[in-house]
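The values are calculated or read from the model by the stated rules, or taken from the named source; none is laboratory data. Since this is a predicted model, take the numbers as computed values, not measurements. Here the Cβ is made from the backbone with ideal geometry for all residues, glycine too, and neighbour counts use every protein chain on show. Accessible surface areas use protein heavy atoms only, side chains included; no ligands, DNA or RNA. Shrake-Rupley method; radii C 1.70, N 1.55, O 1.52, S 1.80 Å.
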Amino acid sequence: MSELLTAVSIIFIVMGPFLLVANRFDLPTVPFFILAGIVAGIGMDWFGIDEALTLELAQYGIALLVFTFGVGIELSSVRSVLVDSETAALGQILVVGGLGIGAGVAFGMPLSEALYLGIAAALSSTIVGTALLQADISMDLVHGRVAESIQFLQDLLAVLLLLVLSAGVLAADPIAEMLGYGLALLIAAVLVNRFLFDAIGRLAGESSELMILGTVSLLALFIGAAEFADVSIVVGAFAAGLAIRHDPIEHLGLVNGLQSIRDFFVAIFFVTIGALVVWPFVEVGWAASVDKVLIAGVLVFLTAVVKPAVTTAILLYRGYEARSATLAGLNTDQVSEFALIIAIEALLLGALTQSVFDAIILAAAVTMISSSLTNYYSDGIYRVLSDRGVLKSGHDKIDSWSEVPDDISDHVVILGYGRHGRKLVDACEERDQPYVVVENDPARRDKVRAECDAVVIGDAWESYTWEKANVGDARAVISTVETESLSRRILQLDLEPDVVLRARDQETAVSLLEEGALYVNVPALLAGRQLIEQIRSLLDGDLTATELREQQLTELESYTHTPLGGSTDDTPSVRP
């Protein structure tokens, strides 16, 4: 226990300064976490902390992370792009995994060991991918949903591989037994999600603390069941995550609490990866270092270059726009945390040599750093590839998902179908004003098509999306999305209709007005104005305290069952 506390203390002491530098200069934090881990690894060696303890810490850290990310999975959103994600995930595994296995055999590895190299190359990280995609998933962007779905499907395959490894031997009966235990855990998770979770919520009442405690108890129960069945604890944690219903509206306190837990273990995970890195030419001899660097180099190339290219090509073939396909592909360019757990299990079972394990860890560290950078510059990478004619965009998805009358004109184009997007649609319908809704999220496809006269499901960054909405003949464009980069992109399109945008703050609003927006909505200004008007009405006697309270309750109740999603709007503001 004292060694564990020492290791955790070293991690936090070393991590602090690196994180401060990253935040001070607004840089991606993942590279700094891994660099901190490398330094922490030196400190652990100096204190005589055994690598086995670091491996154990990594296992538990990954298990808890898999749990928190499992909680965030929205199965309805995954289903919306499931067929395309299945194709992309299968293509990654067959092409990239096959190349990884072939590379391992070429390096002289036995086939049984080369399989682990193929697994490391083929699987993508849910932890890294979802952390980098969080904003895009919360904004319900197409590429975010597709990448999330691909990683979820690969996680299911990884769980299957972990169950096979848990058998300890390649024999039919032990493997079938482990698969049965794993299936039982997943079935139990589905049953808890559908029938027991609501009961926990009712027992907890309004207490977020009790909900978090109940959730942690479920996690302990599933991990305990996995331990009892001699199944990897990561499988139990994954099942526990699926058992928790993702409902940010009903259980906001739980979601926020788990977010804090996730952020804590994300840092632990990346630092632990850095600590496990064995430096070639420093900690091992020349010949072993050359082999290790070559293996890691091939794995990095397959993971960071070939895998995104394969994913992008498959999605383009499936009819996705070039930008959505490219950004989804770039979010698969890292070694999976499940691949690391599989490698650790194989190392402990003696099925993987220390040299190959070190190469996988080195490649994981490199690709997790490079993935944070490619995500940071993803739009720039897309523009370079697009300008050079590398990407040939298709429009099949937008065409099949969208419904716009050919003769529509003098209409309003509404970007986003969240709360305020729906209000704008209602206002248009009350006035018999033609409109077209542009929605980013494929998970809302059926709902938007059922409720709206005209709809385009596509990426607002793509010119074809606006062409499909017949924006050239539109009367106005109203965006309910407050993302500054998207607002500037809309202005760069030099659209003929008047453009109404949304901004987080007054400074951004003024800048957008100067660049050509007709009107910019700023939520904070509206909230302040409404508060002042209500207080004045109360002081002047126009409203009684009871009337003001009832008015507020009515307004709040109108939003209670409205999903929070990529679009919010209807807020006033700054005019030229």
Task: Selection count, the stretch 436-458, where residues are within 26 Å of the chain's Cα centre (by Cα), more than 11 Å from GLY416 (Cα to Cα) and open to solvent by less than 10 Å² (accessible area, probe 1.4 Å) - done: 1
- [ ] Go through (1) more than 24 Å from GLU451 (Cβ to Cβ); (2) buried (at least 18 other Cβ atoms within 10 Å of the Cβ) and name the single condition LEU385 misses.
- [x] (2)
Open item on the list: Being part of a helix (DSSP H, G or I), at pLDDT below 90 and surrounded by 23 or more Cβ atoms within 10 Å (Cβ to Cβ): is that true of SER400 here?
Closed with: no
- [ ] Report the residue count in the stretch 4-37 for those that are open to solvent by 90 Å² or more (accessible area, probe 1.4 Å) and part of a helix (DSSP H, G or I).
- [x] 5
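Tally the residues that are within 14 Å of VAL234 (Cβ to Cβ) and either in contact with a strand residue (DSSP E or B) (Cβ under 9 Å, 6 or more places away or on another chain) or small (Gly, Ala, Ser) (or both), restricting the search to the stretch 156-188.
Residues flagged as within 14 Å of VAL234 (Cβ to Cβ) and either in contact with a strand residue (DSSP E or B) (Cβ under 9 Å, 6 or more places away or on another chain) or small (Gly, Ala, Ser) (or both) within the stretch 156-188 amount to 3.
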TODO: Return yes or no: is SER537 in contact with a helix residue (DSSP H, G or I) (Cβ under 8 Å, 6 or more places away or on another chain), open to solvent by less than 80 Å² (accessible area, probe 1.4 Å), closer than 20 Å to ALA469 by Cα and not in a strand (DSSP E or B)?
DONE: no
Open item on the list: Anything in the stretch 178-192 that is buried (at least 17 other Cβ atoms within 10 Å of the Cβ) and over 18 Å from ALA158 (Cβ atoms)? List them, or say none.
Closed with: ALA188, VAL192
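Give the residue, chosen from VAL235, VAL169, VAL190, that is under 30 Å from LEU330 (Cβ atoms) and either in contact with a helix residue (DSSP H, G or I) (Cβ under 9 Å, 6 or more places away or on another chain) or at pLDDT 85 or above (or both).
VAL235
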Task: LEU221 touching a residue at least 12 places away in the same chain (Cβ under 8 Å), open to solvent by 10 Å² or more (accessible area, probe 1.4 Å) and under 26 Å from ALA158 (Cβ atoms) - done: yes
- [ ] Report yes if ARG502 is assigned by the TED database to the domain that holds GLN433, among the basic types (Lys, Arg) and open to solvent by 40 Å² or more (accessible area, probe 1.4 Å), otherwise no.
- [x] no
Task: Whichever residue in the stretch 241-291 is more than 31 Å from the chain's Cα centre (by Cα) and modelled with pLDDT of 80 or more and, among such residues, is surrounded by the most Cβ atoms within 10 Å (Cβ to Cβ) - done: PRO280
Open item on the list: When you scan the stretch 115-136, do you find a residue that is more than 21 Å from LEU161 (Cβ to Cβ), assigned by the TED database to the domain that holds GLN354, open to solvent by 40 Å² or more (accessible area, probe 1.4 Å) and modelled with pLDDT of 85 or more, even just one?
Closed with: no
- [ ] Give the stretch 38-69 a look and list any residue that's open to solvent by less than 60 Å² (accessible area, probe 1.4 Å) and outside any helix (DSSP H, G or I), or say none.
- [x] GLY48, ILE49
